[in-house]
Amino acid sequence: MFNTEKLHYDYGSEFEEGEESSWLWIAEMKEPALPEPHCYSLLLSARGTRAAELIKNFQSLSPDEAQEYARKLAFG
């Protein structure tokens, strides 16, 4: 079944000692009564080069397009 709930995602990149460190996560809210991060169910997590590639794809998208992209990454 295709999930129509709004997905939550976050990403970032840092430079440490001359190297880029990137991360990305996509999750869905499962337990809204719990505090972060316990309210989320992780669907996808990426680090390093893979995360950097995915982040570049997110950056030019509108909010609706970003939701669709996150959904494709999380559910295939």
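The values are calculated or read from the model by the stated rules, or taken from the named source; none is laboratory data. None of these values were measured; they are calculated from a predicted model. Positions of Cβ are backbone-derived with ideal geometry, glycine not excepted, and every protein chain shown enters the neighbour counts. Quick note on the areas: whole protein, heavy atoms, side chains included, nothing else; ligands and nucleic acids left out. Shrake-Rupley method; radii C 1.70, N 1.55, O 1.52, S 1.80 Å.
Surface composition of the chain: carbon plus sulfur atoms contribute 49% of the solvent-accessible area (1.4 Å probe, protein chains only, all chains present). In the full protein context, the range 1-47 carries 79 Å² of accessible surface per residue, based on a 1.4 Å probe and ignoring ligands, DNA and RNA. Using R0 = 22 Å, the C-beta based FRET efficiency linking ASP10 and LYS30 works out to 0.85.
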